[in-house]
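The values are calculated or read from the model by the stated rules, or taken from the named source; none is laboratory data. Treat the numbers as computed from the prediction; the structure is a model and nothing was measured. Neighbour counts run over all protein chains shown; Cβ positions are idealised from the backbone, glycine included. To get the accessible areas, we keep the full protein, side chains included, count just its heavy atoms, and leave off ligands, DNA and RNA. Shrake-Rupley method; radii C 1.70, N 1.55, O 1.52, S 1.80 Å.
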Amino acid sequence: MSSSIHFLLLVPLLGCCLSAGAAPLDEPLKPLPPAPQQDPRRVELGRQLFNEPRLSVNNTLSCASCHQLDKGGADTRAFSIGFNGVPVTVNTPSVFNATLNFRQFWNGRADTLETQIHEVVQSPSEMGSNWEHVVEVLSADPAYRSAFANAYPDGVTMNNAQNALATYERTLLSSNSRFDQYLLGDTDILTREEKYGYQRFKEYGCIACHQGVNIGGNMFQKFGVMGDYFKVRGNPTDTDLGRYLVTQDEEDRNVFKVPSLRNVAVTAPYFHDGSAKTLEEAVDVMFTFQLGRIPSTEDKTLIIKFLKTLTGEWGGKPL
């Protein structure tokens, strides 16, 4: 290989200077798209509803109680606390970029954000309410009556409340991560170690499941491909059955939606059971039970450095 060709191959990896307006990189992972245009009246109504504790039966819990936007859109607890003060049975995933997932919930039982919202409000362990009650409460509030009338011809209805919430959530894209800037052609934005981490991420096969624009969220996978994670962890629960609870298909036992890795550095604890308290622990579990490989200490460190470049921004500030 000539020295000139060898140099060209090293440019994306080593971050040699590129001219302004450099072309996006041709990589299997893609940068986040811009947020879709939405009716601003519905977005604002959805924002209010997202922060509205009266969606819960006893006025104690809003969407924002568990999906905390200042904490990566997730919860710092392994299990969020429901309206009745009792922990729920599954870890709260981030609401950021949820619109890019092909299904909602860990077991993928909801096809749309609207369906996910419908279920959570009525869940006996989460908000404990029902939509007839929610519509009655919102209709009794003059400010909400006005906001709904401005946003929807038929005013306060269950479908409109769900649509407003989903419309707001579709704007919750954590844009401008350093990795996105790298993919868009700014190869100087990542350090050499972070670029090597991305290379290791691909070489070890992490990218086989954590793929697409959301770096996950677009497929199902068995938790414990290369070993019995649940036997090692102990204390099995119904939640561990994953997609089997939806399909009753034996092949779906312990199968879950692959989570997005966007903002993963700020959304601990990890997995449906919240068992991994740190990113380092989560990476160890993935290598052991999904890949069946033991990385070198250096490779693990490099991959974690790469994962930290996936943290985006919201409201012009880093998450």
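Among the residues of segment 150-202, count how many are open to solvent by less than 60 Å² (accessible area, probe 1.4 Å), in a loop (DSSP other than H, G, I, E, B) and either in contact with a Phe, Trp or Tyr (Cβ under 6 Å, 6 or more places away or on another chain) or polar (S, T, N, Q) (or both).
Within segment 150-202, residues that are open to solvent by less than 60 Å² (accessible area, probe 1.4 Å), in a loop (DSSP other than H, G, I, E, B) and either in contact with a Phe, Trp or Tyr (Cβ under 6 Å, 6 or more places away or on another chain) or polar (S, T, N, Q) (or both) number 10.
Test residue 145 against the stated conditions and say whether it is in a helix (DSSP H, G or I) and open to solvent by 20 Å² or more (accessible area, probe 1.4 Å). So that I can check it myself, show each step before the final result.
On the way: in a helix (DSSP H, G or I): yes; open to solvent by 20 Å² or more (accessible area, probe 1.4 Å): yes.
The answer is yes for residue 145.
Would a scan of segment 189-204 turn up a residue that is within 15 Å of residue 106 (Cα to Cα) and of a type in the set (S, T, N, Q)? Give the steps one after another, and end with the answer.
Filtering segment 189-204 down to residues within 15 Å of residue 106 (Cα to Cα) leaves none.
So far as segment 189-204 goes, no, none of its residues is within 15 Å of residue 106 (Cα to Cα) and of a type in the set (S, T, N, Q).
Could you tell me how many of the residues in segment 84-99 are touching a residue at least 40 places away in the same chain (Cβ under 8 Å), open to solvent by less than 50 Å² (accessible area, probe 1.4 Å) and either among the acidic types (Asp, Glu) or at negative phi (or both)? So that I can check it myself, show each step before the final result.
Of all residues in segment 84-99, those touching a residue at least 40 places away in the same chain (Cβ under 8 Å) come to 84, 89-91, 93-99.
Next cut, open to solvent by less than 50 Å² (accessible area, probe 1.4 Å) only: 90-91, 94-99.
Checking the rest, the ones that are also either among the acidic types (Asp, Glu) or at negative phi (or both) come to 90-91, 94-96, 98-99.
Result for segment 84-99: 7.
With the condition kept exactly as written, say whether any residue in segment 274-285 is under 19 Å from the mean Cα position of the chain (by Cα), surrounded by 21 or more Cβ atoms within 10 Å (Cβ to Cβ), in a loop (DSSP other than H, G, I, E, B) and at pLDDT 95 or above.
So far as segment 274-285 goes, no, none of its residues is under 19 Å from the mean Cα position of the chain (by Cα), surrounded by 21 or more Cβ atoms within 10 Å (Cβ to Cβ), in a loop (DSSP other than H, G, I, E, B) and at pLDDT 95 or above.
Can you go through 190, 165, 183, 173 and tell me which one is in contact with a strand residue (DSSP E or B) (Cβ under 9 Å, 6 or more places away or on another chain) and touching a residue at least 60 places away in the same chain (Cβ under 8 Å)?
On the way: 190 fails: in contact with a strand residue (DSSP E or B) (Cβ under 9 Å, 6 or more places away or on another chain); 165 fails: in contact with a strand residue (DSSP E or B) (Cβ under 9 Å, 6 or more places away or on another chain); 183 fails: in contact with a strand residue (DSSP E or B) (Cβ under 9 Å, 6 or more places away or on another chain).
One residue alone meets the criteria, 173.
Report whether or not residue 102 is open to solvent by 30 Å² or more (accessible area, probe 1.4 Å), over 28 Å from residue 175 (Cβ atoms) and not in a helix (DSSP H, G or I).
Spelling it out, it is not the case that residue 102 is open to solvent by 30 Å² or more (accessible area, probe 1.4 Å), over 28 Å from residue 175 (Cβ atoms) and not in a helix (DSSP H, G or I).
Considering only segment 206-229, I want to know if a residue exists there that is open to solvent by less than 20 Å² (accessible area, probe 1.4 Å) and farther than 22 Å from residue 74 by Cβ.
There is at least one residue in segment 206-229 that is open to solvent by less than 20 Å² (accessible area, probe 1.4 Å) and farther than 22 Å from residue 74 by Cβ.
Report yes if residue 250 is more than 25 Å from residue 72 (Cβ to Cβ) and either at pLDDT 95 or above or not polar (S, T, N, Q) (or both), otherwise no.
Numbers: more than 25 Å from residue 72 (Cβ to Cβ): yes; either at pLDDT 95 or above or not polar (S, T, N, Q) (or both): yes.
Yes; evaluated as a whole, the condition is true for this residue.
Please enumerate the residues belonging to segment 290-315 that are open to solvent by less than 40 Å² (accessible area, probe 1.4 Å) and β-branched (Val, Ile, Thr).
Across segment 290-315, the qualifying residues are 303, 304, 309, 311.
Scanning for something of a type in the set (Ser, Thr, Tyr), open to solvent by 20 Å² or more (accessible area, probe 1.4 Å) and assigned to a helix (DSSP H, G or I), does segment 254-272 turn up at least one residue?
Within segment 254-272 (the criterion being of a type in the set (Ser, Thr, Tyr), open to solvent by 20 Å² or more (accessible area, probe 1.4 Å) and assigned to a helix (DSSP H, G or I)), the answer is no, since none of the residues qualifies.
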